[in-house]
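Following: one structure in structure tokens, then a few remarks.
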Amino acid sequence: MPQRASNAQFLISYNGQKYNETEHIRHIDFSKYDTIVECFGGSFGFSRFQFYEKGIHRNYIIYDNDQELIDFFNHIKGKVLDNEIDEYLKEYNNQCNLIIKQFEMKNKNKTISADAYEYIDKKIDDKYLRYWLLKNMKCSFITRVYPKTRINFEIFKHAHFICSDICDIDFSIYNKEKTLFYLDPPYLFEECSMYKFNNSNFFERIVYLFENGFKCLFIHSNTYVIQHIFKKYQNHIYNKTYRNSKKKLEHIVFYSG
């Protein structure tokens, strides 16, 4: 059986909370769609929620403009389809334990010394395993490794991972009535330096999707500008507290379905 949000892990320790945050839009029925497309994929938390929490087994298309991330997901998908993922996960966890044993700093709350980076670069030949370890170590201000013991990989059998910027996606290949486009971009007027996007270009693309009859679910922090542009599609507003900064914001949901 799929694991619940309360006890399931994802293989990458993202700071984002889209999986659990999707609980706020549980009331919307997405069962009429046979394809769900995430245009800003990241950890594809929305798709994972639909699959594991709501049991919607659909065709999931995950776009992201980070080539390394997409290559990693496709590598994991290959391991899943070849029934090799359990051994691969075991290898990842063995490396985590080895790094903790060798590089844990005493009395530093499980902090790992910077020497661990050199060890990973020089001693681990598998570039995807190396990417996995380093990606998780760099996910917070404190350098740690993150063993994974409760990952459900089933969605990888139903997902397709494609490297593309939203501005380069050919939306004409998708059935307008049977495809839902999930849009959770970097937010306007907020710090987005970690993303590789041109805000003006991708927001023009989002406007294009709404104005040309595509079924879209768009989430953004609640601002007057965003409300003004998309007001006729407004569904509801919910409160969001960011995990690390504890910053509180309203998020607004627009839905054209």
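Structure values in brief
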{"quantity": "Output for the range 198-226, where each listed residue is under 20 Å from the mean Cα position of the chain (by Cα) and exposed (fewer than 12 other Cβ atoms within 10 Å of the Cβ)", "calculated": "N198"}
{"quantity": "Criterion: out of contact with any Leu (no Cβ under 8 Å at 6 or more places or on another chain), among the β-branched types (V, I, T), at pLDDT 95 or above and open to solvent by 80 Å² or more (accessible area, probe 1.4 Å) - qualifying residue of I173, I169, I229", "calculated": "I173"}
{"quantity": "Within the range 18-57, considering residues that are open to solvent by 50 Å² or more (accessible area, probe 1.4 Å) and of a type in the set (S, T, N, Q), the one modelled with the lowest pLDDT", "calculated": "N20"}
{"quantity": "First in the range 118-129 and closer than 12 Å to E91 by Cα, second anywhere and among the basic types (K, R) and open to solvent by 50 Å² or more (accessible area, probe 1.4 Å), Cβ under 6 Å, 6 or more apart", "calculated": "I124/R130"}
{"quantity": "Test for Y60: is it closer than 22 Å to D165 by Cβ and open to solvent by less than 20 Å² (accessible area, probe 1.4 Å)", "calculated": "yes"}
{"quantity": "Qualifying residue in the range 101-111 (condition: closer than 30 Å to F202 by Cβ, in contact with a helix residue (DSSP H, G or I) (Cβ under 9 Å, 6 or more places away or on another chain) and either open to solvent by 40 Å² or more (accessible area, probe 1.4 Å) or modelled with pLDDT under 95 (or both))", "calculated": "no"}
{"quantity": "Test: residue in the range 161-180 that is of a type in the set (G, A, S) and free of Cβ contacts under 8 Å to residues at least 60 places away in the same chain", "calculated": "yes"}
{"quantity": "Residue count, the range 156-166 (criterion: among the hydrophobic types (A, V, I, L, M, F, W, C) and either at pLDDT below 95 or over 19 Å from I12 (Cβ atoms) (or both))", "calculated": "1"}
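The values are calculated or read from the model by the stated rules, or taken from the named source; none is laboratory data. Not measured: the values here are computed from a predicted model. Counting neighbours? That spans all protein chains shown, and the Cβs are built from the backbone with ideal geometry, glycine included. Surface accessibility is based on the protein's heavy atoms, side chains included, excluding ligands, DNA and RNA. Shrake-Rupley method; radii C 1.70, N 1.55, O 1.52, S 1.80 Å.
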